[in-house]
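> Below you'll find the structure I mean.
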Amino acid sequence: MKKEIFGWAGRILRINLTNGKQSIEPTERYTDRFIGGRGVGQWILLNEVSADISPLNPENRIIFGTGPLTGTLAPATCRLSIDSKNLLTGGVGSSNAGGHFAPELKYAGFDFVVIQGKAAKPVYIWITDGTAEIRDASAIWGKTTWETENFLQREINERVKVLSIGPAGENLVKAACIIVNGARAGGRCGFGAIMGSKNLKAIAIRGTKAVRVAHPEEFIKEVDKAWDTLNKCETIRRVRTKGCYSGIVRTQDTCTLPVRNFQDSHWEVEKLQRTMPSIFEKYKIRNFSGFNCPISCSSFYKVNDGPNKNLECEGFEENLGWDYMAKLDIDNPVALLKIQATCNQLGLDLDNSSGPIAWVFELFQRGIITEKDTDGLKLIWGDYNTVIKLIKKMAYRSGFGNILAEGVKRASEIIERSSEKYAIHIKGQDLAEGIRAAKGWALGVVVAPRGGGHLDGATMTGIQQISKEVGKARFDTPAAGDQRSYEGKAKVVFWFEKFKAIVDMLGMCYFTSLWMDINLLGPEDYAKLFSKATGKKITGNQLMQIGEQVCNIEKAFNTLHKGFKRKDDFPPKRLMKEAINSGPFKGELLEKERWSKMLDEYYNLHKWDKKTGWQTKECLEELGLVEIANILKKAGKLIEKTNKNLISDKLI
Amino acid sequence: MSINREKNRIYINLNKCTGCRSCEIACSYHFSKTFNPEISSISVIRNDRTGDIKISINSTCDFCKDEDKPLCMKYCVSQALSII
Ligand code: SF4
Ligand code: SF4
Ligand code: SF4
């Protein structure tokens, strides 16, 4: 008799778009070791995509994955992990989207979909109850994500869940993302363009099968504890009533905004007054949740007056406030909603699309470029109509937009004229976050393997001002709650890197975790949910160790594919030279010497080599990743001996 | 409150509903100890273009007999579901 597995549908769907062949693999081949979601996706990527395969090569994989808790009643288990080679950095890529797609995939009888190859003409994939079909997408190629979803729901049925790309993905724009439910983005890493390069417009899913857990009654007890923890938490109550964007006030107070392309980190107070979270209330018609999410950080908006009358859209994360509000100096709330809706429709990621646009606004401010470069457009901070024009130009690669479509690093190589000084990126991917005022946050953002981003080790404990006692007890770092301090921050970042990987592997939202608020769920809580769901006993510490393995899989991918080194783990030069100009953290910058010391500590914790930043044999053997040590050795990129005493401050 | 399964009804306040569908999977758990919206008595359909939500409860609903409280209601944190 077939052994029943719990928490999983048990099947991985593989599709080769070049020859249209499908195959099925057992999920347990990977999940026994790497839990699910990002863990499995990254392992497949490392093993199947070699360094000579470019991101847009048909042989690159794109992997859509769920976790063992996806589709169950554990809160906010709606996240879809997306893993592929990164179009911006050429290294590792990983993304994560909410909405209602991931649970539907599980109900349709698949835990993962692994796609390779390139279809001869545009296609979409239709998946339902254990079967998949590759279908002609000529009717929707060129259409927006909203039109695509409408079409597929009309064509198949209204319950179908869709992920799709817009024109940006089809045109291989670096900032192209994948859109789920018309509004939830699988952003960063240019994954919209990866789908576009495969001629894959969309995936539509409908499932009617059950997800089973090993010990239902005991599982529900753990689920209830988790719901209770969430319901009691002040931060969750704030997010539930005022939305994710309500965090913007703290971001301003802690000077972590990327104002006018990182020229400052604290926005003019009167401008923020015009875009306070409360101002958006008048357009909000309801909270709008991801699947089984009691937090509901998102809302649905409808504009009833003015030039954008009848604008309807789901929104929005705090990123909109960083990316288009602070970074482009836009203080008009309806314009911000319009920008969110436009990006969702065109399939553009807010973080990566705002980077090149803010950069050219600064170049214009400094006279480095003029209307001769910009197709006649005057770029004046805060002029949202021009921003929207540039967004469209980027998505369609028209005129000046063709340069913006390359991302800030590549675009600065095209424009030259010392413009790279203002091109703010990490390992080639545009930076989204303001980082100078909060050191632990900054370290986590900069060393993130996918090329910048706050969704790996970046800690909010400083911004949250947790107490010395809690900092000591949880992270062995009393200064964890002091955002200015470099002290012990490497430890906190190391901890969160492992921890966030757990949350991703399980398919849950970070907002349930103690990353969001120190009183929320920790490794032990997740371990209990996992154990009761799958019937496989695990402890929080064991989960953390698997989290560390995943960090090392990603690190190895970066080393093999791009050879990123210590110098790539430093912040953009500008943020080490120019201090914040205003606000409570005026004068703060990232000091090179202290950064270097923090990096040494961080590498030590990982047992990575301080001189190169590469992995050591010792580290990989201890983690049981001998295969990776062998691959690195073959490539001449394994450090066989540690050199703990090496002073490497001068090596960047 | 104690529920009179003959007289009481579940009242749906759509304005409060977030479209999360926790009620659907809670209901399937009540019937099967598994998670599967397809077998639920309660059904939620979201329109992601307009933000509209449709909810219906069909005749298979047994008002969660054997449970202290209807499970759909227990997991509806936005209190869109109540007993009248
Ligand atoms: S908290 Fe927000 S992002 Fe997280 S699952 Fe819920 S709705 Fe999605
Ligand atoms: S649980 Fe409540 S808020 Fe969520 S879909 Fe059901 S009725 Fe709506
Ligand atoms: S009362 Fe019970 S059976 Fe009826 S819809 Fe709610 S959960 Fe389902």
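> From the residues in segment B:43-65 that are surrounded by fewer than 17 Cβ atoms within 10 Å (Cβ to Cβ) and β-branched (Val, Ile, Thr), which one is nearest to ligand 2 (Cβ to nearest atom)?
Filtering first and then ranking leaves B:ILE45.
> State whether the residues of segment A:202-211 include one that is assigned to a strand (DSSP E or B), away from chain B (no Cβ under 14 Å) and either free of Cβ contacts under 8 Å to residues at least 40 places away in the same chain or among the β-branched types (Val, Ile, Thr) (or both).
Yes, segment A:202-211 contains at least one residue that is assigned to a strand (DSSP E or B), away from chain B (no Cβ under 14 Å) and either free of Cβ contacts under 8 Å to residues at least 40 places away in the same chain or among the β-branched types (Val, Ile, Thr) (or both).
> Consider segment B:10-42. How many of its residues are under 16 Å from A:CYS293 (Cα atoms), part of a strand (DSSP E or B) and more than 8 Å from chain A (Cβ to nearest Cβ)?
Qualifying residue count, segment B:10-42: 0.
> Here's a follow-up. Any residue at all in segment A:216-228 that is over 25 Å from A:ASN287 (Cα atoms) and part of a strand (DSSP E or B)?
no
> Which of (1) touching a residue at least 24 places away in the same chain (Cβ under 8 Å); (2) buried (at least 23 other Cβ atoms within 10 Å of the Cβ); (3) more than 16 Å from ligand 1 (Cβ to nearest atom) does B:TYR75 not meet, given it meets every other one?
(3)
> Just to be sure before I move on: is B:THR60 away from every other protein chain (no Cβ under 12 Å) and among the β-branched types (Val, Ile, Thr) in the structure I sent?
yes
> Looking at A:ASP329, A:ASP323 in this structure, which one is away from ligand 1 (no atom under 15 Å from the Cβ) and either assigned to a loop (DSSP other than H, G, I, E, B) or within 12 Å of chain B (Cβ to nearest Cβ) (or both)?
After ruling out the rest, the residue left standing is A:ASP329.
> Just to check your reading of the model, which residue among A:SER278, A:SER296 is within 14 Å of another protein chain (Cβ to nearest Cβ), among the hydroxyl-bearing types (Ser, Thr, Tyr) and not in a strand (DSSP E or B)?
Among A:SER278, A:SER296, only A:SER296 is within 14 Å of another protein chain (Cβ to nearest Cβ), among the hydroxyl-bearing types (Ser, Thr, Tyr) and not in a strand (DSSP E or B).
> Say whether the condition of being surrounded by fewer than 24 Cβ atoms within 10 Å (Cβ to Cβ), of a type in the set (Phe, Trp, Tyr) and either farther than 15 Å from A:VAL259 by Cα or at pLDDT below 95 (or both) is met by at least one residue in segment A:347-364.
The answer is yes; a qualifying residue exists.
> I would also like to ask the following. How many of the residues in segment B:71-84 are within 10 Å of ligand 3 (Cβ to nearest atom) and at pLDDT 95 or above?
So the answer is 7.
> From the set of residues in segment B:74-84 that are of a type in the set (A, V, I, L, M) and within 13 Å of chain A (Cβ to nearest Cβ), which is farthest from A:CYS78 (Cα to Cα)?
In this case the residue turns out to be B:ALA80.
> Conditions first: (1) more than 12 Å from every other protein chain (Cβ to nearest Cβ); (2) crowded, with 18+ Cβ neighbours inside 10 Å; (3) under 24 Å from the mean Cα position of the chain (by Cα). A:VAL249 passes all but one, so which condition is the exception?
Failed condition: (2).
> Six or more apart or on different chains, Cβ atoms under 9 Å: show the pairs whose first residue is in segment A:281-296 and among the β-branched types (Val, Ile, Thr) and whose second is within 16 Å of ligand 3 (Cβ to nearest atom).
Pairs that qualify, where the first residue is among the β-branched types (Val, Ile, Thr) and the partner is within 16 Å of ligand 3 (Cβ to nearest atom), are A:ILE295/B:VAL77.
> OK, next. How many residues does segment B:43-57 hold that are within 9 Å of another protein chain (Cβ to nearest Cβ) and within 16 Å of ligand 1 (Cβ to nearest atom)?
Number satisfying all stated conditions: 4.
> Considering only residues that are part of a helix (DSSP H, G or I) and under 14 Å from A:GLY37 (Cα atoms), look in segment A:500-518 and name the one that is farthest from ligand 2 (Cβ to nearest atom).
Looking at the filtered set, the residue picked out is A:ALA501.
> List every residue pair whose Cβ atoms sit under 6 Å apart, with the two residues 6 or more apart in sequence or on different chains, where the first one lies in segment A:519-539 and is without any contact (Cβ under 8 Å) to a residue 12 or more places away in the chain and within 13 Å of A:ILE35 (Cα to Cα) and the second, anywhere, is surrounded by fewer than 18 Cβ atoms within 10 Å (Cβ to Cβ) and of a type in the set (Val, Ile, Thr).
What qualifies is A:SER531/A:ILE538.
Condition check ((1) farther than 24 Å from A:HIS215 by Cβ; (2) surrounded by fewer than 20 Cβ atoms within 10 Å (Cβ to Cβ); (3) within 20 Å of the chain's Cα centre (by Cα)) across all residues:
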| position | (1), (2), (3) |
| --- | --- |
| A:GLU487 | yes, yes, no |
| A:PHE496 | yes, no, yes |
| A:LEU506 | no, no, yes |
| A:GLY522 | no, yes, no |
| A:ASP525 | no, yes, no |
| A:ALA533 | no, no, no |
| A:LYS536 | no, yes, no |
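> Further question: Tell me yes or no: at least one residue of segment A:72-94 is without any contact (Cβ under 8 Å) to a residue 24 or more places away in the chain, outside any loop (DSSP other than H, G, I, E, B) and not assigned by TED's automatic domain parsing to the domain that holds A:CYS313.
no
The values are calculated or read from the model by the stated rules, or taken from the named source; none is laboratory data. The model shown is predicted, which means the values in this text are computed figures rather than measured ones. We place every Cβ from the backbone using ideal geometry, glycine too, and count neighbours over all the protein chains shown.
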